[in-house]
1. If you build a Gaussian network model of chain A, linking Cα atoms that sit under 10 Å apart, which residue out of A:130, A:164, A:120 swings the most?
2. Using the structure shown, list the pairs from A:124/A:171; A:171/A:202; A:148/A:171; A:124/A:200 with a Cα-Cα distance above 21 Å, or answer none.
3. List B:213, B:268, B:65, B:130 from most exposed to least, where exposure is judged by having the fewest other Cβ atoms within 10 Å.
4. Going highest first, how would you order B:277-284, A:111-118, B:70-77, A:15-22 by mean Cβ packing within 10 Å?
5. Any chance you could check the Cα centroid distance between the stretch A:31-57 and the stretch A:128-207 for me, in angstrom?
6. Please label the shape of the stretch B:211-288 as rounded, prolate or oblate, based on the square roots a ≥ b ≥ c of the eigenvalues of the alpha-carbon gyration tensor (a/c under 1.5 means rounded; beyond that, a/b larger than b/c means prolate, else oblate).
7. Which aspartates and glutamates does residue A:76 reach when only Cα atoms under 14 Å apart count, and residues fewer than 8 places away in its own chain are ignored?
8. How would the stretch A:1-109 be classified by its alpha-carbon gyration tensor: rounded, prolate or oblate, with rounded meaning a/c under 1.5 and the a/b versus b/c comparison settling the rest?
Amino acid sequence: MVKKKGEIKIQIKDLNLYYSNFHALKNINMDIRANRITALIGPSGCGKSTLLRTLNRINDTIDGVRITGEILINGKNIYGEDMQVDRVRKEVGMVFQRPNPFPLSIYNNIAFGLEINRMVKSSKETAKIVQESLEDVLLWDDLKNNLKMSALNLSLEQQQRLCVARVIAIKPQIILLDEPCSALDPKSTTNLEELMQELKQKYTLVIVTHNMQQAARLSDDTAYMFMGNLIEFNETSIIFTNPSKKETDDYVSGRFG
Amino acid sequence: MNSKITDYIIEKIIFLCGIIAIVFVVLIFGFLLKEGFAFFKEYGVFNFIFGKYWYPSSNPASYGVFSLIIGSLLVTLGAAIIAVPFGIMTALFIAELAPKGIRDILKSIVELMAAIPSVVLGFVGMVTLVPLVRSILDIPTGLTAFSGSIVLGFMAMPTIVSISEDAIRSVPWQYKEGAFALGATKWQTIRRVVLKAAMPGIIAAVMLGIGRVIGETMAVLMVTGNAAAIPTSIFDPVRTLTATIAAEMGETVRGGLHYRALFGIGLVLFTITFLINFIADLFLNKKK
């Protein structure tokens, strides 16, 4: 559908997902390009979060989920038999709807991912990456003297930034964001959106949002989904001004949904 | 109007029930203090707590409870060493790993364990465990602190398992999801996130389990041999504070020094269990 610039990072091929008997994703085919922000939009229950959660196989943790089809990241099928799921998740980080820092110190929230993925050999190295990650999400100056404080004492915006820091510390290639601003106030939302614009220089971002304005101002590409189907996928400017399908037009112009 | 009167009466009845419970506790505590302190005044606290010999029927009598305190602590420590790791791992298995069918069966079994009367456990321990300990370890008697620890460990298990399991299960799914999303395996997630988050609840579970053990009387009376001497190892017979009160209260003269000495023991026990419950409470509240 899309034939534009940017190398293809994620290829979704004939993807179907069932929750027990419910057919939640129907024959999804989609190419997501590197170093861009791709937004998934659509009404509640359309499957946009489910689709996002197939990209790092976090749906595997839910009972009764069955998946057919392929998702290729850098040309390799992450549902292939020789794929280790924890390796996939290291390369595809995720930020959730509600900030979910661990009930540990700020420092250990970031050190956790480094240690379990055996990315650091010394505590000096850990400290360096913790600092860099916090600098990247603009938390370092505020928190550098309180790294031992519990992460649960932070404001929601800070918690969500910490969750982003925790992901970029382990240097993934892709970052998935599942309505990352839904728990935040408008000012925090703007701040986080600026952060995402920064992040796309280094990473491929896929974001689920129920907020059409956010998709319009933030993303480069937009996919509109409805009832488990991918209705239309194109550059955001096209989706919002000149969509080729009537359903898409109805949704983005607010006549439906 | 009618319903107002009903309301009034029910409110008063509930109030009365609540007050009566408090009054009883205060009275029991007061009685314990009165008899205990009367004894302390006559015999001396230091002689009581650190006295090595418990000879209530010699002349002159000697009421040193040091060996009993050591006996109680030794049996409790042994029970904790057995029950804590085993209990926490069982809780982890039930909460995180077991398939649903097995989980339900295990939970009912653990609850059933809590319902076994302690005298039954003591009896079973006496006829099965005690001879086994004697023959396997080749020691003169199987009535030892070790046997007591095993039986009490068994009694502490249900408390430790069910409260720890609650704590582990109430760890929010979002924490686990966050860990999985960073590439953590199931075991890494359990060890570094789930157990950490559940730790206050687990510590409270352990404290309550130990509280139950230290106050336990019948089972321990039946399997530890009841020798009021300071043990040299866990394979010696010991006598606990609780067993002493239970075994001797019937033979004392009401109001006599021996009688009061037993209340002194009661006060020591009360202090220990109060401290343990207090610590457990601290952790339970920290959790919230």
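1. Taking springs between Cα atoms under 10 Å, the residue moving most is A:120.
2. Values: A:124/A:171 18 Å; A:171/A:202 10 Å; A:148/A:171 23 Å; A:124/A:200 28 Å.
Beyond 21 Å between Cα atoms: A:148/A:171; A:124/A:200.
3. Numbers: B:213 29, B:268 18, B:65 25, B:130 22.
Arranged by neighbour count, lowest to highest, B:213, B:268, B:65, B:130 become B:268, B:130, B:65, B:213.
4. Values: B:277-284: 16.1, A:111-118: 19.5, B:70-77: 24.1, A:15-22: 14.1.
Those peptides, ordered most packed to least, come out B:70-77, A:111-118, B:277-284, A:15-22.
5. Cα centroid to Cα centroid, the span is 20 Å.
6. Values: a/c = 2.69, a/b = 1.46, b/c = 1.84.
Since a/c reaches 1.5 but b/c is at least a/b, the shape of the stretch B:211-288 is classed as oblate.
7. Cα-Cα hits under 14 Å: A:31, A:91.
8. Working: a/c = 1.43, a/b = 1.20, b/c = 1.19.
Rounded, because the longest to shortest axis ratio a/c is under 1.5.
Just so you know, all these numbers are worked out from the coordinates, no wet-lab data involved. What you see is a predicted model; the values in this text were computed from it and never measured. Every residue, glycine among them, receives a Cβ derived from its backbone with ideal geometry; neighbour counts consider all protein chains shown.
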